1. Test each condition in (1) under 23 Å from residue 103 (Cα atoms); (2) touching a residue at least 40 places away in the same chain (Cβ under 8 Å); (3) over 19 Å from the mean Cα position of the chain (by Cα) for residue 300 and report the one that comes out false.
2. Identify, by number, the condition in (1) surrounded by fewer than 16 Cβ atoms within 10 Å (Cβ to Cβ); (2) in contact with a strand residue (DSSP E or B) (Cβ under 7 Å, 6 or more places away or on another chain) that residue 529 doesn't meet.
3. Where in region 11-87 are there helices (runs of 4 or more DSSP H), lying fully within it, with 2 or more residues that are in contact with a helix residue (DSSP H, G or I) (Cβ under 7 Å, 6 or more places away or on another chain), modelled with pLDDT of 95 or more and surrounded by 13 or more Cβ atoms within 10 Å (Cβ to Cβ)?
4. Would you confirm whether any residue within region 387-408 is assigned to a strand (DSSP E or B) and at pLDDT below 95?
5. Can you name the residue in region 188-201 that is touching a helix residue (DSSP H, G or I) at 6+ places or on another chain (Cβ under 7 Å) and surrounded by fewer than 22 Cβ atoms within 10 Å (Cβ to Cβ) and, of all such residues, is nearest to residue 285 (Cα to Cα)?
6. Any idea which of 479, 449, 491 is in the same structural domain as residue 388 (by TED's automatic domain parsing), touching a strand residue (DSSP E or B) at 6+ places or on another chain (Cβ under 9 Å) and in contact (Cβ under 8 Å) with a residue 60 or more places away in the chain?
7. Pick out the one residue from 505, 475, 458 that is over 26 Å from residue 407 (Cβ atoms) and in a strand (DSSP E or B).
8. Based on this model, can you work out whether residue 411 counts as more than 27 Å from residue 295 (Cβ to Cβ), part of a strand (DSSP E or B) and in contact with a helix residue (DSSP H, G or I) (Cβ under 8 Å, 6 or more places away or on another chain)?
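The values are calculated or read from the model by the stated rules, or taken from the named source; none is laboratory data. Model, not experiment: these values are computed from the prediction. Virtual Cβ from ideal backbone geometry, glycine too; neighbours counted across all protein chains shown.
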């Protein structure tokens with residue numbers, strides 16, 4: 001298969017080329033305004049697919065260029081599709097005329113929705129024309145189908161994407177965002193088609209696959225993506241839908257919110273003249289974790305009339321996340337090579353692949369996803385089960401027994417204790433009443449449920465200290481909060497098949513957030529050895545060093 005990628009060395013086209021480069025059944029034609037840049041890009045591609053480079057002028061004689069190249073498939077990865085001028089579909093028209101299959105990564109709502117006008121012509125020519133072949137709306141639509149498998153009436157869809165600050169946003173993406181920020185866009189809300197203004201309405205959300213380190217609670221703002229117009233067509237009984245983006249750092253995000261409000265209030269005609277500046281700032285002033293993610297939440301009713309609420313969460317680590325927008329095209333190409341090419345016709349690509357197809361292209365990458373049910377966080381469940389969701393059932397039984405608190409539990413065992421030797425570590429240990437150093441000391445832990453809060457009293461020999469644990473809310477959603485007097489710590493519960501880890505994410509004093517870079521850390525986890533519950537708790541601080549480390553085993557006493 002010969003694939004012509006317009007914008008083949010750009011942000012999304014280049015990543016698509018990298019995803020397909022190892023496929024020997026392909027010939028990749030990397031095209032753009034500069035043949036020199038295309039050639040330079042190809043030198044870094046992995047071996048496998050044959051590759052060619054050329055200059056392609058999408059404003060030139062398209063039929064002649066296509067006849068000279070004779071591709072089987074053209075992928076338009078340029079944009080911004082919202083600014084394609086008076087004849088935005090000229091590439092599609094040329095592809096249909098020359099019998100070339102077509103896909104794009106368009107994020108323009110109107111562009112994707114209106115591509116159906118070429119359906120009859122594409123079918124007559126025997127080619128497929130698929131628009132919006134990217135995370136929005138292909139992945140979101142696949143996720144909604146997966147979540148709504150038993151729902152008879154789908155009521156709401158909420159989605160959001162959270163790119164890593166190091167993902168490298170292309171200029172054309174920024175041009176698209178600048179073009180619609182603060183402008184009027186149609187939005188389904190309360191069962192009626194109404195008007196909204198992108199980047200001027202926001203919400204907060206925590207993306208957290210069950211049992212995995214969550215993204216920090218993020219500020220999402222409404223964006224104008226194809227989903228807003230094409231998903232209601234798939235689910236005509238839908239009452240409301242909302243799609244947002246949560247770029248970080250949040251400070252820059254909120255500055256963009258402010259500029260969008262200037263457009264909404266007609267104090268600025270558009271942010272388009274500032275696209276270059278926004279692009280430069282976004283790709284230079286960046287900090288935070290090199291992680292990204294995505295979420296989709298739905299609600300509705302099943303055949304029995306019961307209310308159903310589910311959400312899908314995905315986190316991608318490091319350099320794997322930026323490839324996800326190009327993976328829908330990759331999945332369709334690989335299906336085509338396996339004899340499962342899309343049927344002829346022109347349409348938004350919302351029904352071409354399923355979540356299982358994404359699972360194949362995610363394989364081998366640091367991408368983790370999972371589903372939450374409303375029942376996973378029912379208040380009557382044990383605290384740790386509410387925070388871990390479905391991962392709770394994967395925990396070894398001794399760990400579950402230790403955290404299945406419904407009234408009071410007492411556990412006893414033995415432990416060893418190490419203490420830091422510095423002055424400040426000694427002071428910190430005294431403030432929290434941590435135990436003295438010992439090679440072997442009896443340990444007792446008394447768990448008491450007080451409403452929705454667990455009171456833990458740990459006694460090492462004759463020395464005791466108390467903490468309170470409860471489920472976080474607001475910016476601490478999906479986290480365990482442990483409070484020692486005026487200090488409280490947000491802890492992520494993660495499970496790696498053998499150990500339940502407790503990872504410090506934030507901390508506060510009297511409810512006031514404290515600097516993350518000053519937060520205590522250390523490796524803390526629970527595991528099972530020889531059938532017994534074991535613990536390893538380490539509390540340290542980068543400038544102080546070790547404060548305390550205690551480890552040992554516990555056994556729950558009969559009630």
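1. (1)
2. Going through (1) surrounded by fewer than 16 Cβ atoms within 10 Å (Cβ to Cβ); (2) in contact with a strand residue (DSSP E or B) (Cβ under 7 Å, 6 or more places away or on another chain) one by one, residue 529 breaks only (2).
3. 11-20, 62-69
4. Yes.
5. Step by step, filter region 188-201, then rank; the result is 200.
6. Result: 479 is the single residue among 479, 449, 491 that is in the same structural domain as residue 388 (by TED's automatic domain parsing), touching a strand residue (DSSP E or B) at 6+ places or on another chain (Cβ under 9 Å) and in contact (Cβ under 8 Å) with a residue 60 or more places away in the chain.
7. 505
8. Yes, satisfied.
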